[in-house]
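**Student:** Dropping a structure here in structure tokens format, bear with me for questions.
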Amino acid sequence: MRTRTTIAAVMAALAVSLVGCSSGDSGEDAKPEAPKTPEASSEPSIDAGAAEKAAGIPPEPTGGKREELLRALAAANPGIVKYEDKAIDAARNQCSALNGGSGKADWAASQRFTYKDVTTTEAQGKQINEALRGLGFCKA
């Protein structure tokens with residue numbers, strides 16, 4: 001543990017000393033560099049919504065659709081809706097397995113909906129998948 005702390009301290013000291021180094025003019029007449037703007041970046045921005053849609057993940061449901069989804073999930077396993085946000089995220093992600101034609105969709109559902117103190121069986125995973133299909137939730 002001491003070694004890690006020492007290495008971290010040495011790395012921090014090196015980083016601080018390197019920040020002080022500059023390859024530009026160091027005289028009083030030196031002009032400060034203009035700050036870089038985000039628009040100047042040549043990196044394309046990532047559209048998370050488009051990536052999710054391409055993976056077969058539907059948008060997060062709101063209002064009545066959210067409540068309907070939670071009721072359908074609770075019918076398969078009442079414990080999974082104890083953590084509503086986790087259940088919604090798991091349902092959205094499960095759509096990628098269903099839309100992708102996974103041969104192990106029931107198993108995947110049992111894994112996705114098992115968290116914290118909630119255990120979901122493969123039989124319950126099958127019920128979850130039937131509910132998601134029945135609601136038309138996974139149609140992205």
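**Student:** Within the stretch 98-116, which residues are touching a residue at least 24 places away in the same chain (Cβ under 8 Å) and on the phi < 0 side of the Ramachandran plot?
**Tutor:** L98, N99, G100, A105, F113, Y115
**Student:** What helices (runs of 4 or more DSSP H) completely inside the stretch 80-140 contain at least 1 residues that are under 16 Å from I57 (Cα atoms), in contact with a strand residue (DSSP E or B) (Cβ under 7 Å, 6 or more places away or on another chain) and open to solvent by 80 Å² or more (accessible area, probe 1.4 Å)?
**Tutor:** Filter on the stretch 80-140 gives 84-99.
**Student:** Which of (1) in contact with a Gly (Cβ under 7 Å, 6 or more places away or on another chain); (2) closer than 22 Å to A50 by Cα is the odd one out, the single condition Q94 does not satisfy?
**Tutor:** All conditions are met except number (1).
The values are calculated or read from the model by the stated rules, or taken from the named source; none is laboratory data. Predicted model, so just to flag it, every value in this text is computed and none were measured. Cβ sites come from the backbone with ideal geometry, for glycine too, and all protein chains shown count toward neighbours. Calculation scope for accessible area: heavy atoms of the full protein, side chains included, ligands and nucleic acids excluded. Shrake-Rupley method; radii C 1.70, N 1.55, O 1.52, S 1.80 Å.
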